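In what follows, a single structure is set out as structure tokens and then discussed.
What follows draws every value from the coordinates through simple rules; no lab data is involved. In this text the structure is predicted, and so the values were computed from the model without any measurement. Glycine gets a Cβ as well: all are built from the backbone with ideal geometry, and neighbour counts include every protein chain shown.
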């Protein structure tokens, strides 16, 4: 519950919310109960926080850490390669996959790295992900047999997924189709509020995973309602009330099944 005070300004009720060094002013309709006021204030503060994250908080030029939650549990942490916390994972990746060098991994200070297990399909084993914040090269697209698939719709980053058991490396290609409803066979039915993008996993043998990430920018309240609608758990545990800066809907484009929803909390 968000604490607030009410002041009257030109016969309009204004809810004032102060959190740490942030201050929000939210106009309220007159005659509302305290419970109705709380609903409006919660929704508006979430919208403001999400807007602020997208405008300033999600700044790739600083050291940061993203915690990914699913089913109320922390399933992965992505760490900026410039952070000391990333050194152990970087050293492990170089040891397991000797074609890498520390210099290559840190060549772009925006790159992020993280470890994860088989928390959702198509991931089967303990693995290391490495995201490069640059558009994938033609050579990389050729390696994963997807040169002609994403013409004009690639985003300026991509991931490499390193399976520590099989030693296979898959590529997670990030893209934004102009009309995703026609690009996919069975995309999720959710309102597009802008900025939506997708990621799909390709293998060197030319195969493509049926499982796709659909990334959306929503408030916690909006996504909680969506999770109830599709019968999936809201990703954050109950003791975390911070606004997610990003959500991901993991869906199977062949069957239309939604596996789960992920929520991302960023810590600078």
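Given a Förster radius of 45 Å and the C-beta distance between residue 209 and residue 10 as r, what FRET efficiency does 1/(1 + (r/R0)^6) yield to the nearest 0.05?
FRET efficiency, residue 209 to residue 10: 0.20.
Please report, in cubic angstrom per residue, the volume enclosed by the convex hull of the alpha-carbon atoms of the chain.
So the per-residue hull volume is 150 Å³.
Using only DSSP helix segments of four residues or longer, with each worth -39500 (n - 2.57), what per-residue ellipticity at 222 nm results for the chain after dividing by its residue count and rounding to 500?
For the chain, the value works out to -5500 deg cm²/dmol.
How far apart, in nanometres, would the label points at residue 82 and residue 107 be if each is projected 7 angstrom from Cα along the Cα-to-Cβ direction?
Modelled inter-label distance: 1.8 nm.
Percent relative contact order of the chain, based on C-alpha pairs within less than 8 angstrom and at least six residues apart?
17
Considering the convex hull of the alpha carbon atoms of region 181-230, report its projected area averaged over all viewing directions, in nm², one decimal.
4.3
Treat each spin label as a single point 7 Å out from the Cα along the C-beta direction, and report the residue 186 to residue 91 distance in nm.
4.6
Computed over the Cα atoms, what is the radius of gyration of region 5-57 divided by 2.2 N^0.38 Å, N being its residue count?
Dividing the Cα radius of gyration by 2.2 N^0.38 Å gives 1.20.
If each Cα of region 83-158 is one equal point scatterer, what is log10 of I(q)/I(0) from the Debye formula at q = 0.15, 0.16, 0.18 Å⁻¹?
Debye curve over Cα of region 83-158, log10 I(q)/I(0) at q = 0.15, 0.16, 0.18 Å⁻¹: -0.65, -0.74, -0.91.
Take the Cα coordinates of region 149-234, assign each an equal point scatterer, and use the Debye formula without solvent to give log10 I(q)/I(0) at q = 0.17, 0.22 Å⁻¹.
One equal scatterer on each Cα of region 149-234 leads to -0.84, -1.14.
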